[in-house]
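Q: Mind looking over this structure? Questions follow.
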Amino acid sequence: MDHAADAYRTDLMTITRFVLNEQSKYPESRGDFSILLSHIVLGCKFVCSCVNKAGLAKLIGLAGETNGEEQKKLDVLSNEVFVKALVSSSRTCILVSEEDEEAIFVESSKRGRYCVVFDPLDGSSNIDCGVSIGTIFGIYLMKDGGEPTLADVLQPGRNMIAAGYCMYGSSCTFVLSTGTGVNGFTLDPSLGEFILTHPDIKIPKKGKIYSVNEGNAKNWDGPTAKYVEKCKFPKDGSSPKSLRYIGSMVADVHRTLLYGGVFLYPADKKSPNGKLRVLYEVFPMSFLIEQAGGQSFTGKERALDLVPKKIHERSPIFLGSYDDVEEIIALYAAEEKKE
Ligand code: FDP
């Protein structure tokens, strides 16, 4: 292998090149989606740089304490970054952010056809200890060309036209699906570009890992408790599954996508709808998992069939390898038969 040539590869598939290639498959396309995505990618690079500096900033006051002003919290800052990036793309009409109680309706002079739902910095309780965190997003098209309304974002997840996340970890990884498979890109800091490093990601059909906050076990329902018991004490002669739980959804789902297994945040007696939010956690991750060949289930139905009634609605979620989620679906079906 010619290592010298390899160090200077000139055929890198950057995310910009990738999206333009995709766009060229649709001659009628006006490039609006590519422009929107480039603004999302810019937001991710900005947040990545803030996250990388977070520890230092605290230590030496890089980002704050000037003129007695408090340093902005990273999740608040990230939200501002994404709202500004999305509005300035002139391709969006409604934004729903985890950080904002109300949906943001973009003023008419800057309006486009896309609705973006996002969690600017998910897993924020992990910021101060340097654990991987991320941005999650999903994109809908407006239902029709009239004035935008909340109905444009209260659509089932299967209507999303794209979804993805960016993970700020040991490297910065951007994972995207536009409905034709899943592709992963890694930020090359020397180029400032995301490079295609994980083409056409497929989740293993069955996995060896389960991922859940077991501290809630005392309040779980029957099928969840039975499933986790099965993972630990399988009766079919198979090996027990390993438990991995980071407590940062992007990192837990990223591992599940690459290594297989299941990630669950079930309902419990204290939280009958679970914890995770439908629009900007459950839907985008379910979209990616299905596009990679896995399944995602709420305990009642396919997650992407859920029709949210409120923008910050929550839902239980079981997602991951096809065969593993199939077992969970069977346990819930058996429970329903009993009732
Ligand atoms: P966080 O509270 O740190 O923001 O929905 C947010 C989330 O993290 C997810 O990223 C994560 O999967 C989940 O909550 C962790 O919840 P528990 O602490 O209850 O396990």
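Q: With Asp305, Asp324 as the choices, which residue is of a type in the set (D, E, K, R) and open to solvent by less than 40 Å² (accessible area, probe 1.4 Å)?
A: After ruling out the rest, the residue left standing is Asp324.
Q: Where residues in the stretch 35-93 are assigned to a loop (DSSP other than H, G, I, E, B) and open to solvent by less than 20 Å² (accessible area, probe 1.4 Å), which of them is modelled with the lowest pLDDT? It would help to see each step written out before you state the result.
A: Filtering the stretch 35-93 down to residues assigned to a loop (DSSP other than H, G, I, E, B) leaves 61-65, 69-73, 89-91.
Among the residues that remain, those that are also open to solvent by less than 20 Å² (accessible area, probe 1.4 Å) are: 64, 89.
Details: Gly64: 49, Ser89: 97.
The qualifying residue modelled with the lowest pLDDT is Gly64.
Q: Now, a different point. Is it the case, given these coordinates, that Val131 is touching a residue at least 60 places away in the same chain (Cβ under 8 Å), part of a loop (DSSP other than H, G, I, E, B) and within 16 Å of the ligand (Cβ to nearest atom)?
A: Taking the combined requirement at face value, the residue satisfies it.
Q: Then there is this: Considering only residues of the stretch 240-295 that are within 9 Å of the ligand (Cβ to nearest atom) and either part of a helix (DSSP H, G or I) or closer than 14 Å to Leu306 by Cβ (or both), which is most open to solvent (accessible area, probe 1.4 Å)?
A: Among them, the one singled out is Arg277.
Q: Out of the residues in the stretch 167-194 that are assigned to a loop (DSSP other than H, G, I, E, B) and among the aliphatic types (A, V, I, L, M), state the one that is most open to solvent (accessible area, probe 1.4 Å).
A: Only one residue tops the list, namely Leu191.
Q: Looking at the stretch 20-42, which of its residues are among the aliphatic types (A, V, I, L, M) and without any contact (Cβ under 8 Å) to a residue 24 or more places away in the chain? Break it down into steps so the answer makes sense when it comes.
A: Of all residues in the stretch 20-42, those among the aliphatic types (A, V, I, L, M) come to 20, 35-37, 40-42.
Selection gives Leu20 alone.
Q: If I filter the stretch 202-239 down to residues being in a loop (DSSP other than H, G, I, E, B) and surrounded by 19 or more Cβ atoms within 10 Å (Cβ to Cβ), which single residue comes out as nearest to the ligand (Cβ to nearest atom)?
A: Among residues in the stretch 202-239 that are in a loop (DSSP other than H, G, I, E, B) and surrounded by 19 or more Cβ atoms within 10 Å (Cβ to Cβ), the one nearest to the ligand (Cβ to nearest atom) is Val212.
Q: What about Leu319, is it among the aliphatic types (A, V, I, L, M), part of a helix (DSSP H, G or I) and touching a helix residue (DSSP H, G or I) at 6+ places or on another chain (Cβ under 6 Å)?
A: Taking the combined requirement at face value, the residue does not satisfy it.
Q: Return yes when Gly164 is under 19 Å from Ile40 (Cβ atoms) and either small (Gly, Ala, Ser) or open to solvent by 10 Å² or more (accessible area, probe 1.4 Å) (or both) and no when it is not.
A: yes
Q: Where residues in the stretch 94-114 are under 21 Å from the mean Cα position of the chain (by Cα) and not aliphatic (A, V, I, L, M), which of them is most open to solvent (accessible area, probe 1.4 Å)?
A: So the first thing to find is which residues in the stretch 94-114 are under 21 Å from the mean Cα position of the chain (by Cα), and the list is 94-104, 114.
Add one more test, that the residue is not aliphatic (A, V, I, L, M), and what stays is 97-102, 114.
Working: Ser97: 2, Glu98: 67, Glu99: 66, Asp100: 45, Glu101: 150, Glu102: 133, Tyr114: 15 Å².
So the residue we want is Glu101.
Q: I'd like the residue in the stretch 296-310 that is assigned to a helix (DSSP H, G or I) and within 17 Å of the chain's Cα centre (by Cα) and, out of all such residues, is nearest to the ligand (Cβ to nearest atom).
A: Ala303
Q: Restricting to the stretch 115-155, give me the number of residues that are of a type in the set (Gly, Ala, Ser), open to solvent by 50 Å² or more (accessible area, probe 1.4 Å) and farther than 16 Å from Phe105 by Cβ.
A: At the first step, the residues of the stretch 115-155 found to be of a type in the set (Gly, Ala, Ser) are 123-125, 130, 132, 134, 138, 145-146, 151.
Then keep just the ones that are open to solvent by 50 Å² or more (accessible area, probe 1.4 Å); that gives 125, 130, 145.
Now narrow it down to the ones that are farther than 16 Å from Phe105 by Cβ: 125, 130.
Qualifying residue count for the region: 2.
Q: Follow-up question, since we're still on this one. Residue check, Thr186 against (1) free of Cβ contacts under 8 Å to residues at least 60 places away in the same chain; (2) within 16 Å of the ligand (Cβ to nearest atom), all met but one. Which one?
A: With (1) free of Cβ contacts under 8 Å to residues at least 60 places away in the same chain; (2) within 16 Å of the ligand (Cβ to nearest atom) applied to Thr186, the lone miss is (2).
The values are calculated or read from the model by the stated rules, or taken from the named source; none is laboratory data. These numbers come from a predicted model, not from an experiment. All Cβ positions, even for glycine, are placed from backbone atoms using ideal geometry, and neighbour counts span all protein chains on display. When the accessible area is computed, the model is the full protein with side chains, heavy atoms only, and any ligands, DNA or RNA have been set aside. Shrake-Rupley method; radii C 1.70, N 1.55, O 1.52, S 1.80 Å.
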